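Encoded as structure tokens, the structure appears first; notes follow it.
The numbers here are math on the coordinates, done by the rules we state, and not lab data. All values reported here derive from a predicted model rather than from experimental measurement. Here Cβ is always computed from backbone atoms with ideal geometry, including for glycine, and neighbour counts include all displayed protein chains.
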Amino acid sequence: MADEVIHADNEIRNIIQAYPPEKRFILAVMQDVQKSCNYLPKEALLGIAEYVGVPFSRVYSLATFYKAFSLTPKGRYNIKVCDGTACHIKGSPVLIDQIQNSLGIGPGETTADEIFSLETVNCLGACAIAPVMMVNDKVHPKVSSSAILEIIKGYRKEADHEE
Ligand code: FES
């Protein structure tokens with residue numbers, strides 16, 4: 001168990017050291033890092049392992065086990081298109097194709113400008129309003145193929161205004 005995390009930058013070090021160096025806090029620390037960085041950088045995993053005194057492989061396997069964690073950077077807008085049965089029947093494959101063509105990324109990828117990431121998921125638990133898409137925490141119900149590009153454009157505009 002280390003008193004101080006050496007292998008991490010200041011921001012990550014502060015997040016890690018906000019918790020006692022105990023194994024039971026590993027997931028909480030990972031959640032906070034994911035929230036702050038939008039993904040789990042390798043240096044954070046190394047820092048957590050060092051701080052808590054467990055092998056890196058243990059922290060890494062937790063990070064890969066839980067779907068909520070990402071080991072690659074996510075865009076500012078994380079698009080999750082549901083491709084579960086109800087959404088699939090109602091046209092989610094077409095939506096996914098349209099997003100791929102528009103943004104030039106496939107599921108699991110992030111645009112070079114780090115504005116958008118795309119993911120497909122199995123069921124968002126909202127089958128009655130299929131096909132469903134989420135962008136960060138916002139749910140877009142009954143998304144039509146005519147609306148999808150406008151929705152993306154709206155987020156693009158929002159990102160341009162914030163810069
Ligand atoms: S299948 Fe898409 S919300 Fe359930």
(Q) Can you give the log10 of the normalised intensity I(q)/I(0) at q = 0.11, 0.12, 0.17, 0.19 Å⁻¹, computed with Debye over equal Cα scatterers of the range 5-163? (A) -0.52, -0.60, -0.96, -1.07
Q) Against the longest principal axis of the chain, how steep is helix 26-37, in degrees 0 to 90 to the nearest 10, with axes from Cα atoms? A) 60
Q) Sorted by packing (mean other beta-carbon atoms within 10 Å per residue), highest first, where do 71-80, 45-54 land? A) 45-54, 71-80
Q.
If I stretch the segment between residue 126 and residue 66 completely, what's the gain in nm (0.36 nm per residue apart, minus their alpha carbon distance), one decimal?
A. 19.5 nm
Q: Order the peptides 20-28, 128-136 from the highest to the lowest mean number of other Cβ atoms within 10 Å of their residues.
A: 128-136, 20-28
Q) Which cysteines does the chain leave without a neighbouring Cys Cβ under 4.7 Å? A) 37, 123, 127
**Q.** Mean ellipticity per residue at 222 nm, deg cm²/dmol - from DSSP H runs of n ≥ 4 across the chain, formula -39500 (n - 2.57)
**A.** -13500 deg cm²/dmol
**Q.** Degrees separating the helix 92-103 axis from the principal Cα axis of the chain, which is the longest one
**A.** 70
Q | Rough spin-label spacing in nm, given labels placed 7 Å along Cα→Cβ, for residue 56 and residue 139 | A | 4.1
**Q.** Listed residues 151, 99, 12, most fluctuating in the chain (Gaussian network, C-alpha, under 10 Å)
**A.** 151
Q. Size of the range 20-78 along its principal axes in angstrom, Cα-based, largest extent first?
A. 34, 20, 18
Q: Below 15 Å Cα-Cα, how many Lys pairs turn up in the chain? Only count pairs eight or more apart in sequence, or on different chains, if you could.
A: 7
Q | Largest to smallest principal axis extent of the C-alpha atoms in the range 77-162, angstrom | A | 34, 22, 21
Q: Just report the Cα centroid separation between the range 14-76 and the range 109-140, whole Å.
A: 23
